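All remarks here apply to the structure that follows.
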Amino acid sequence: MLIYNQVIAREKVMKKLLSGVLALMLVVSGCASKNETSGFKAGTYTGSAKAFTDEVSVEVVLTADAIESVTVTASKEEGPGLGAVENLPAKIVEAQSTNIDGISGATITSDALKAAVNAALESAGVDPTTLVAKESTAKAEDKEIETDVVVLGAGGAGMSAAIEAKDAGKNVVLIEKQATAGGNTILSTGGLNAAKTKAQDENTFEENAGVEKTLATAQESYPELADLTATVKSQYDEYLANPTGYFDSVELYELDTLVGGKNLNNHELVKTLCENSESAIEWLDSIGAPLTSVGSFGGASVKRIHRPVNEEGKTVSVGSYLVPIFVSNLEEKGVEVYYNFAANELLTDDNGAVVGVKALGSDGSTLTVKADSVVIATGGFSQNTDLVLQYRPDYKGFVCTNAPGIDGDGIEMAKAIGADLVDMDQIQIHPTVHSDTSALITEGLRGDGAILVNSEGKRFFDEVGTRDAVSAAEVSQPGGFAWLIVDDKMAQASNVIAGYIKRGLTVTGATVEELAAAMEVDGATLASTLETWNGYVAAKEDPEFGRTSFAEPLDTAPYYAIKVAPGVHHTMGGLKINAETEVLSADGAIDNLYAAGEVTGGVHGANRLGGNAVADIVVFGRIAGTNAAANAQ
Ligand code: ADP
């Protein structure tokens with residue numbers, strides 16, 4: 001898989017290098033500026049400098065009076081950290097200087113690139129420190145505004161916070177780096193985990209094996225969770241003695257989350273997440289976003305993931321459903337949103353209390369917002385290759401499932417004023433990322449009955465195990481990838497699968513043998529794998545890999561398969577917060593500063609369960625918005 005992903009990454013590198021050169025040519029052709037301090041010896045010069053994992057090499061062309069072009073000739077810095085490779089050469093030519101800001105989220109690569117250009121300039125006898133940067137001519141007017149609450153990032157956490165703060169009667173400004181709202185939230189295909197909801201009670205309880213397996217795992221592997229395990233055990237025994245409704249509890253949800261997170265989680269945050277999950281569902285309902293379909297999902301003992309359905313009753317992707325509803329709530333309630341502004345500095349007073357934020361517009365203008373409270377909701381840092389590799393060099397060359405802009409800006413801004421970070425090396429790889437496109441294939445497919453087979457057409461693991469375990473199992477298969485198999489019955493019941501088929505992510509066959517041919521695996525082996533699996537479904541027992549959720553047999557043609565491999569998906573670490581979402585430093589809570597969502601660390605421990613990110617952003621986003629509003633008196 002590594003080799004495969006490196007091929008993809010390299011293709012991306014070439015595309016990005018090419019676009020970088022094109023952008024540069026455009027700038028150069030329209031560039032009449034010249035640096036007063038120049039007087040160059042015309043020619044082509046080269047320079048190199050060490051970046052995080054590799055060297056960046058550049059070629060710099062000088063005319064007698066200008067830096068005519070900068071071309072990156074070699075950089076193995078892969079993935080979105082390439083923002084520097086893509087954008088910085090043009091900026092250097094435009095400014096006629098390397099004395100400019102690097103690309104946010106790619107600081108190590110930016111610094112290396114500037115150092116490489118400096119080396120080239122020096123070899124031409126130019127002292128780069130004497131080149132004064134020219135101001136961009138396209139710069140719009142700088143702005144300074146005041147508000148009660150400013151929220152950074154219009155993903156699910158930021159929008160939940162902004163809506164709550166606005167509903168509490170405050171003036172709210174929301175700053176978003178991209179041209180549109182959504183972040184990673186909009187990519188989320190799963191749903192929201194919540195315990196003890198009305199929607200769960202619509203289901204018949206058949207998940208005894210799931211609960212019993214979790215209790216056994218907790219007893220064996222987590223003796224330190226004995227009290228919580230005992231509470232769940234007595235709740236379960238009580239339910240079995242008198243089964244009414246569907247069995248779940250806040251404590252079982254806590255136990256699942258802690259076992260899933262290898263008990264590295266912050267217990268206070270987990271408790272808060274689980275206790276407030278049911279009210280998150282109620283709140284979403286109240287703002288026009290009911291999540292009524294409940295299903296099984298990896299790592300959950302019972303049916304707990306709440307998903308939206310369309311008019312035909314089919315489940316739809318949660319993110320693309322929620323984001324437009326959040327956005328229309330922002331509009332209706334009058335939250336002031338600034339798109340295309342990237343917050344880059346928290347403003348503090350003499351006591352270290354946060355008093356506002358500075359942001360840089362894509363047009364080069366600055367926006368300064370003075371505020372009583374600041375909520376950071378800028379998401380994680382999966383797209384910041386430098387930062388990912390700093391903590392996980394073993395993820396070099398992996399694909400990334402995230403939206404653009406998920407660069408860890410909030411982490412860097414808060415760290416600059418003393419915020420503590422936690423669990424930064426806990427970076428989740430998602431087990432089912434489409435190998436060719438990096439599209440994330442929802443875990444819900446496995447919960448709803450799909451199986452994984454390897455390149456030999458054989459099952460190899462409990463498909464609904466935790467993400468890290470399933471990912472590791474895939475990596476150890478021949479070729480490091482797997483095929484996710486669904487049948488037409490599943491495809492008919494899910495708009496999500498229909499979407500995958502439409503986007504060309506599947507191969508298909510009218511029979512199992514035809515599917516096997518499309519997958520280039522042995523037909524008889526795949527047929528026997530499916531037959532065996534369907535037997536396990538009928539018996540509700542998987543003696544080979546211990547899977548405990550079965551749904552329906554895979555027996556309805558046509559059959560579909562999606563080629564999947566693990567990709568960098570979620571950063572569990574980030575800013576240290578308490579249950580009130582206050583950002584913590586070594587000296588305690590930083591005044592007026594709150595954070596929620598993927599930018600924070602501690603909720604998910606060593607592994608985030610599917611359905612817990614959406615729960616996290618809504619639960620903690622709401623708390624942050626409420627507390628930020630209360631703080632703004
Ligand atoms: P969460 O799931 O925690 O809500 P998302 O990834 O959904 O996180 O959303 C985070 C949002 O923050 C994205 O829309 C992203 O573009 C935005 N963002 C990231 N960095 C900045 C920044 N420096 N300033 C403003 N917005 C930012």
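The values are calculated or read from the model by the stated rules, or taken from the named source; none is laboratory data. Just so you know, these numbers come straight off a predicted model, no measurement behind them. Please note: Cβ atoms are built from the backbone with ideal geometry, for glycine as well, and neighbour counts cover all protein chains shown. Calculation scope for accessible area: heavy atoms of the full protein, side chains included, ligands and nucleic acids excluded. Shrake-Rupley method; radii C 1.70, N 1.55, O 1.52, S 1.80 Å.
Here are a few things to note about the model shown:
- Every pair of residues 6+ apart whose Cβ atoms lie under 6 Å, when the first sits in segment 140-155 and is under 19 Å from Val327 (Cβ atoms) while the second is assigned to a strand (DSSP E or B) and away from the ligand (no atom under 15 Å from the Cβ): Val149/Ser373
The rows are residues; the columns are (1) touching a Gly at 6+ places or on another chain (Cβ under 8 Å); (2) touching a residue at least 40 places away in the same chain (Cβ under 8 Å); (3) closer than 30 Å to Tyr321 by Cβ.
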| position | (1), (2), (3) |
| --- | --- |
| Asp468 | no, yes, yes |
| Val475 | no, yes, no |
| Lys489 | no, yes, yes |
| Asn495 | no, yes, yes |
| Leu505 | no, yes, yes |
| Ala524 | no, no, no |
| Trp533 | no, yes, no |
| Tyr536 | no, no, no |
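- Test: residue in segment 319-335 that is among the acidic types (Asp, Glu) and more than 24 Å from Gly574 (Cβ to Cβ): yes
- Looking only at residues of segment 352-363 that are part of a strand (DSSP E or B) and of a type in the set (A, V, I, L, M), we find that the one that is nearest to the ligand (Cβ to nearest atom) is Ala359.
- Qualifying positions in segment 389-417 - open to solvent by 40 Å² or more (accessible area, probe 1.4 Å), within 11 Å of the ligand (Cβ to nearest atom) and within 19 Å of His430 (Cβ to Cβ): Pro404
- A single entry from Gly245, Gly182 fulfils the requirement of being more than 16 Å from the ligand (Cβ to nearest atom) and in a loop (DSSP other than H, G, I, E, B): Gly245.
- Under the condition of being open to solvent by less than 30 Å² (accessible area, probe 1.4 Å) and without any contact (Cβ under 8 Å) to a residue 60 or more places away in the chain, the residues counted in segment 507-522 number 4.
- Tally, over segment 171-181, of residues that are closer than 29 Å to Asn631 by Cβ and either among the aliphatic types (A, V, I, L, M) or buried (at least 23 other Cβ atoms within 10 Å of the Cβ) (or both): 7
- Among (1) away from the ligand (no atom under 16 Å from the Cβ); (2) open to solvent by less than 10 Å² (accessible area, probe 1.4 Å); (3) part of a strand (DSSP E or B), the one test that Val150 misses: (1)
- Where strands (runs of 3 or more DSSP E) sit wholly within segment 555-628, those with at least 2 residues that are more than 11 Å from the ligand (Cβ to nearest atom) and within 16 Å of the chain's Cα centre (by Cα) occupy 559-571.
- Filtered residues of segment 474-499 (kept if in contact with a Phe, Trp or Tyr (Cβ under 8 Å, 6 or more places away or on another chain) and either open to solvent by less than 10 Å² (accessible area, probe 1.4 Å) or within 21 Å of Gly295 (Cα to Cα) (or both)): Glu474, Gly480, Ala482, Ile485, Val486, Asp487, Asp488, Ala491, Ile497
- Single residue of segment 364-384 satisfying the filter (open to solvent by 20 Å² or more (accessible area, probe 1.4 Å) and more than 15 Å from the ligand (Cβ to nearest atom)) that is farthest from Val583 (Cα to Cα): Gly364
- Residue among Ile451, Ile441, Ile429 that is among the aliphatic types (A, V, I, L, M), closer than 30 Å to Glu207 by Cβ, more than 16 Å from the ligand (Cβ to nearest atom) and open to solvent by 10 Å² or more (accessible area, probe 1.4 Å): Ile429
- Of the residues making up segment 185-226, those that are within 16 Å of the ligand (Cβ to nearest atom) and either open to solvent by 50 Å² or more (accessible area, probe 1.4 Å) or touching a strand residue (DSSP E or B) at 6+ places or on another chain (Cβ under 9 Å) (or both) are Ile186, Leu187, Ser188, Thr189, Gly190, Gly191, Leu192, Asn193.
- Test: residue in segment 237-248 that is modelled with pLDDT under 95 and open to solvent by less than 80 Å² (accessible area, probe 1.4 Å): yes
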